[in-house]
Amino acid sequence: MTFKAILYLGLGFASLAPFGLRFLLQWVMSERRGESYVTSLFWILSIIGNILISAHYLAQIQFHLYVIRFFPLYFSFRQLALIKGYAKPFSWSRLLKILSFLSLSLTLLFVLRVWIEHHKMLWISHLEMPWSNINPNISFVWHSIGFLGAAIFASRLWVQWWQSERTQKSFLSPSFWWLSLSGGSLTLFYAVFIKDYVTACGYITGLVPYARNLMLIYKSKQKATN
């Protein structure tokens with residue numbers, strides 16, 4: 001097994017642990033309360049998972065999926081601050097500065113990583129799967145589908161962040177779960193097609209909690225109206 005394959009398995013599957021655990025705990029606590037519920041631990045695990053999965057896509061040279069992970073880091077830290085009560089008042093200028101810094105610094109890290117290994121620029125490399133000696137030649141259309149799914153999935157955090165800023169409270173609304181379900185399903189379809197089973201496992205494990213949270217939300221709304 002090559003070193004790159006070891007990185008693929010190590011970083012990829014390591015990221016699944018905090019991502020899977022956060023929704024498992026959130027699901028259990030929501031079932032107990034009978035409503036969709038989120039705690040600070042959810043966002044701490046989100047931060048850990050995003051760092052690990054970013055390193056995974058960096059190692060695999062998958063910029064279209066790597067870049068999607070820039071912003072969840074900020075949003076997760078912001079949600080944690082809202083729950084803990086030490087969040088600074090929202091400022092558009094501060095937001096733009098933070099996101100610009102994240103985008104520039106992490107893109108430079110990606111460029112440096114690629115240049116050191118290949119001495120030229122690559123934005124999307126053929127995945128080297130440990131279970132296959134053949135690197136599939138994936139068309140741009142399929143990569144676009146994967147990026148679209150990941151973008152829809154990531155947009156849930158933009159929506160959830162904006163709702164939290166308006167209320168100064170961290171919560172997960174129906175729109176968060178609908179975007180999770182639709183974006184996750186599309187990205188899962190892409191991951192299975194390109195045989196990226198780490199990414200596929202990451203998305204498939206969340207589909208049941210996404211659907212269940214929607215059921216709990218609508219169930220609690222029905223009780224409130226009756």
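The values are calculated or read from the model by the stated rules, or taken from the named source; none is laboratory data. Remember, predicted model here, so these are calculated numbers, not experimental data. Note: ideal-geometry Cβ built from the backbone for every residue, glycine included; neighbour counts use all protein chains shown. For accessibility, only protein heavy atoms count, side chains too; no ligands or nucleic acids. Shrake-Rupley method; radii C 1.70, N 1.55, O 1.52, S 1.80 Å.
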Quiz item: Could you give the angle, 0 to 90 degrees to the nearest 10, between helix 140-167's Cα long axis and the longest principal axis of the Cα atoms of the chain?
Solution: 30
Quiz prompt | Carbon and sulfur %, accessible surface of the chain computed with the full protein complex present, 1.4 Å | solution = 70
Quiz item: Taking the Cα atoms only, what angle lies between the long axis of helix 70-84 and the longest principal axis of the chain, rounded to 10 degrees?
Solution: 30
Quiz item: In whole percent, what relative contact order does the chain give with Cα contacts below 8 Å and a gap of six or more residues?
Solution: 25
Quiz item: Using alpha carbons only, how many degrees (0 to 90, rounded to 10) separate the axis of helix 92-118 from the longest principal axis of the chain?
Solution: 30
Quiz item: Roughly speaking, what is the stretch gain from M29 to L112, that is 0.36 nm per residue apart minus the C-alpha to C-alpha distance, in nm to one decimal?
Solution: 25.6 nm
Self-check item: Residues L122 and S182, FRET efficiency given R0 of 30 Å [Cβ-Cβ distance, rounded to 0.05]
Solution: 0.50
Self-check item: Relative intensity, log₁₀ I(q)/I(0), of the chain from a Debye sum that treats every alpha carbon as a point, q = 0.14 Å⁻¹
Solution: -0.92
Exercise. Round to a whole angstrom and tell me the spacing of the C-alpha centers of the stretch 41-85 and the stretch 99-117.
Key: 15
Self-check item: Average Cα contact separation per residue, the stretch 1-103, under 8 Å, 6 or more apart, as relative contact order %
Solution: 28
Self-check item: Average accessible surface area per residue within the chain, 1.4 Å rolling probe, Å²
Solution: 52
Quiz item: How much FRET efficiency would the formula 1/(1 + (r/R0)^6) give for S220 and F77, where r is the Cβ-Cβ distance and R0 is 30 Å, rounded to 0.05?
Solution: 0.55
Exercise. Would you calculate the separation in nanometres between label points at I204 and T167, each defined as 7 Å from the Cα along the Cα-to-beta-carbon direction?
Key: 3.4
Practice problem: Can you tell me how much longer the chain between L104 and V192 gets when fully stretched, taken as 0.36 nm per residue apart minus their C-alpha distance, in nm with one decimal? | Solution: 28.6 nm
